[in-house]
Structure formats: structure tokens, C-alpha cells
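Here the structure comes first, spelled out in C-alpha cells, and everything after it is commentary.
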Amino acid sequence: MEDLIKRDAAYGPSGDIVAREIEGEVVIVPLASGVGDMEGELYTLNETGRAIWRKLDGTKKVREIAAELSEEFEAPPEVLEADVAGLLAELLKRKMVAEKE
Amino acid sequence: MGGVTMAGKSYAVRVRSDRARLWATGRPPLVRLDIELTERCNNDCVHCNVNLPAGDRTARGREMTADVVGGILEEAAALGCLTVRFTGGEPLLREDFEDIYLRARKLGLKVLLFTNATLISPRLAGLMKRIPPLEPIEVSVYGTSEKSSGAVTRNPVAFEAARRGLALLVENGLPFVVKGALLPATRGEVEELEGLARRLAGADGTPSYSLLFDLRSRRDGAKNDLIRSLRIGPAEFLAISARGGPAVLEEWRALALEFSGACGDRLFDCLAAGGTGSVDAYGVFQCCLGLRHPETVCDLEGGSLREAMTVFLPKVRALRAADRGYLERCGRCPLKGLCHQCPAKSWAEHGTLDTPVEYFCGIAHAQAEAIGLLAAGEKAWGVRDWPARLERLASHKGSGPKTGRAAGKKADGGLSWKI
């Protein structure tokens, strides 16, 4: 699934969720039915996921996000690109993000 | 960042917010907010401690508008609230319920709806199918026949209307929970209600039952004599509880052991954990929906929900008991896990925060006797060897019932009682 994430595309939160920051946690609350795996569940992100999520504004491309994070965290861009694609793959599968024009 | 990359692992963690901690550190000031959207109800249940007539114009005219409710929801979300409970009265009496519901969901709040199901329309069920509440709907079903339903709700069309409403929930795949009340007209219907819940595809598990009824929370006493007449005594409570089998005695034992210890002059043990608040139909903040004592409420029109939660509520929590009878009995009583005594009960019964409520005291002592914690007629606050008794009780844990067969469960503010 990670391979399906386009490195030159921009992704952002889908209209089917509400993302909230509560006490430092990113909490993703399904809005429409069919989002996520089971009804009644919320989602939080791990530390890596949070750092990536905060950059998913629907305009930045996957490569750009990875490059920014690479500078901020002094980590190889290819590792971060894989992380961004990994998170997006998980969220795309659950309809929590969408590719933006 | 290299140290925190998670290649090969999951970035998104599924959380059931009611079962797990969402926050690694700390907790938001507000986790759940209860909003009483109206005190009006289209039913007139004999045991209800809130309801006003559906057509009560004065009440309706004073109710918060959808905009005011929306503003409170926004504040709640900003405070980190995850769940809003809409209750009443019957919240679906409000013509603007859909707007309020959508506003809450679009703020990322989960919605817990308390309803009698009679006003669930195809349109509302369809909306909740598309935008699910994320919490099972809690449906009060008072009577499994037209006759018993009519006797409890005093609304001749309630039974049929509730049946239509439940069918719409099932049709739309909306999860719900059935709640009953063991009243003279319904005490013989436990099996029918359980059967009904089993047959309905969206219903979750065994129904819970209200068994011990509260007096009117507005202290508008005209109906209190009726409610008192519906109350069962300790012996009948034990007899009815016996239907639940040995598991219930185990539950009582566990409660007695877990929440043992006198609270002295501390009144608000229930608020110790914090994180919850309530707003009545007219925009007045309350610690809980049952407690309307003037010292424990504040009008949100003159302040914010944040102030209510972070400034006002701690002051309420710090209130101390002064009543001599309370301090000599409840203040020294270790039956905290079994007794329903709290400021809200004291308020409804006596108009104070700290007067012992004999009714709940009697029930708690009967439970304590049933699990062998007290001898017949003994008063818990007079027991000197309490630690030794708890030790004996703990050693009995899991060894089956000591006396009789009983069932019951102290739950969230009310008297929910699970068979």
C-alpha cells in the first residue's frame, strides 16, 4: 500500500474526519460512517505520526514533507519519505486522508 | 527523528476512548459534558424525576437556543471534551435537535443520546447512519406491552411510537442499548425485555434496569409522593436482586472492598476524578444533572464553561459537610461502594447537601448484610473492627454467595441495576 502513495502528490485530512489536538495528542474522530475500522473508535498517532500529520496541509507534497522533517530531525530523507508514505497508506486505507489537487 | 521512526510499525493507534487512556500525560479539563436539552417530555413516566409536559410553553421559552448550545459545544471541544451526552426530558422534542447534533459531531465530539425512541424519524435515523454518533444510543423502554407501557409512561401511543423508533434504529444499523425500570407495571416483564433486546439486531447486551428511584431534582414536590410510593424496601430489593444470581453478590463484595472507607466531612467523592460537567436546559452549569442546589450551580450566561470547570467546580468540590447527623453517620460510614448517598440525593430529598437519606442508607445496609459484612441490625458507622471485616470479606471473594442470591450494580449517579 505504501507504494501507492505518490511522492509528488499532496495529501490532506479528508472531509470524513475531524482531527483535534488535545493535550498534545492528535486525535482523529470519524465523522462520516465507514471511516476507520470499527464504529465508535478514535485514533491517535504516535510521535512520528504526529510530526508528519502537522505538515499534511493538502498543499505540501510527500517529498517536501520528508525533506522538511529531514532537516528538523537530522534524519536521512529516504527514511522519512518511507515514514510519510507509511502513515499516509494507513490513513488512506481508513479514508482519513485524501489526495488533494 | 531517526530514533522515533517506526518503519514497519503502525503510526495510527485505534483507541476506544471509554476504555483506554488517550493521553500519555495529563488529561483535559473536560472529558464528558452532559447537556439537558429540555426538561419537557412527550411521556409522563410515573417515576421520572425531571419531566415537564411536552407543551410547557414557559419551559420551552426559557430553553437554550441551538446557537447557545452550539457555543457551549465549541467551548467544550476547546477544553478537550470527547463526548457530549444529550438528555432531557426527551431531547428529540426539540425541533432543532438535528442542527445541534451535527454541530457536535462536526466539532469532533462523540454523541451519547438518551431517548425514549418515540420521536426517532426516518430522517433522523438516516442522518445518524451517515454521521454516526459513535456511542450506542441509550433507549428507555418502559414496558413491553401497550398496557404496561401506558401504565408507566401515561402516554397511550408511547408503546407503538417506541416500537417504530426502535425499528428505525435496527433498519439503519444504529447500535443502541435498552434500559428498563422495574416498576409495579413492569416487574414481571424482565424476561420479555431481555427477549426484546436479544431480538433487536442493533441492541447491545442485556438491558439495565432502574430500581431505586430519585425524588424530583427541581424539588417541585407534587409528584414526590407518587415516586415514594413506587420505591421498594430493602427486603424487596434483595428479593428482586436475587434474580441476578451469585454474580451480583460478587459485584457487591467487589464494590464494598474497592470503595471502602469513611469520607469524613468531604462531600464530593464522586467528583474527585473530575473531567465531567453538566449544563441544564436553561444554560446553568451543574456538577451533575441531579444536583441543582444553588451553591453548586452557576449560570453560564455570566461566564464561560472553562471558568465553570476550572474555577467554580474546584470550589464546589471543596465544600464540606456540616450537618451533625451526617458527620456522625455518613461521615463515619465505610459503605461508600454500596451506598447511593451523595449531595444530589440529599438535595432532592431534603434540600441540603449533607443530610443522610434514610432510603439509600437502608438499601446499602441490606446489601452489606447480604454479603456478610454487617450483622442484622448493625450500623456500619458503629463498627470498630472494619479492617478485619474487609479482610474476611476479601477472603470470601470468589467463593460464591454467603447468603441468598442477589443482583445489583451501583452505576453512574443513578440506580442502574443490572440483572
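Every read-out reported here was derived from the displayed coordinates using simple, explicitly stated rules and does not represent laboratory data. A quick note: this is a predicted structure, and the numbers were derived from the prediction, not measured. Glycine also receives a Cβ, built like all others from the backbone with ideal geometry; neighbour counts cover every protein chain displayed.
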Just rank A:I28, B:I35, fewest to most, by other beta-carbon atoms within 10 angstrom. B:I35, A:I28
Average partner chain C-beta neighbours within 10 Å, per residue of A:14-27? 4
With a bin width of 5 angstrom, please list the P(r) values of the range B:269-323 as percents of all Cα-Cα pairs, from the 0 bin to the one holding the largest distance. 4, 20, 34, 26, 11, 4, 1
The alpha-carbon pair-distance distribution computed for the protein assembly as shown, with 20 angstrom bins and whole-percent values, is 20, 49, 26, 4
Principal axis extents for the range A:2-96, Cα atoms only, whole Å, descending order, please. 38, 31, 20
Measure out, as a whole number of angstrom, how far apart the alpha-carbon centroids of the range B:106-153 and the range A:14-40 sit. 23
Once both labels are modelled 7 Å past Cα along the beta-carbon direction, what's the B:A222-B:R130 spacing in nm? 4.2
Gained length - B:S229 relative to B:D99, 0.36 nm times residue gap less alpha-carbon distance: 42.8 nm
Pairs beyond 29 Å (Cα-Cα), from B:K129/B:K345; B:K179/B:K345; B:K223/B:K379; B:K179/B:K315; B:K147/B:K223: B:K129/B:K345; B:K223/B:K379; B:K179/B:K315
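Over the range A:2-96, what relative contact order in percent results from Cα pairs under 8 Å that are six or more residues apart?
Values: 131 pairs, mean separation 35.2, N = 95.
Computed over the range A:2-96, the figure is 37 percent.
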Using amide H atoms built in the peptide plane, which far-off residues or other-chain residues are under 5 Å from B:D34 H to H? B:R85, B:G277, B:S278, B:V279
Under Karplus coefficients 6.51, -1.76 and 1.60, residue-wise ³J(HN,Hα) of the range B:227-234 in Hz, glycine/proline x: 4, 4, 5, 8, 6, 9, x, x
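Taking a ≥ b ≥ c as the square roots of the Cα gyration tensor eigenvalues, with a/c under 1.5 meaning rounded and otherwise prolate when a/b beats b/c, else oblate, which class fits the range B:175-281?
Details: a/c = 1.40, a/b = 1.25, b/c = 1.12.
Rounded, because the longest to shortest axis ratio a/c is under 1.5.
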Whats the longest run of chain B with zero GluC sites (Glu not before Pro) that are DSSP loop and have at most 16 other Cβ atoms within 10 Å? B:96-377
Can you give me the pair-distance distribution of the range B:129-228, C-alpha pairs, 5 Å bins, whole percents? 2, 13, 20, 22, 18, 13, 8, 4, 1
Under a plain spin-label model, where a point goes 7 Å from the Cα along Cα-to-Cβ, how far apart in nm are B:A394 and B:V13? 3.1
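Hey, what D do you get for the range B:25-245 in µm²/s if you plug the Kirkwood alpha-carbon radius into Stokes-Einstein at 37 °C and 0.692 mPa s? Before the final figure, lay out the partial values.
Values: Rh = 18.4 Å.
It diffuses with D of about 179 µm²/s by this estimate.
Return the inverse of the average 1/r over all pairs of distinct C-alpha atoms in chain B, which is the Kirkwood hydrodynamic radius, in Å to one decimal.
Details: mean 1/r = 0.0438 Å⁻¹.
Here the Kirkwood hydrodynamic radius works out to 22.8 Å.
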Rounded to the nearest 20 Debye, what is the dipole magnitude of chain B about its Cα centre when Lys and Arg each give +1 and Asp and Glu each give -1 at the C-beta? 1000
Dimensionless Rg/Rh of the range B:238-306 - Kirkwood Rh, Rg from C-alpha atoms: 1.16
If each part is reduced to its alpha-carbon centroid, the range A:41-101 and the range B:200-224 end up apart, in Å, by 48
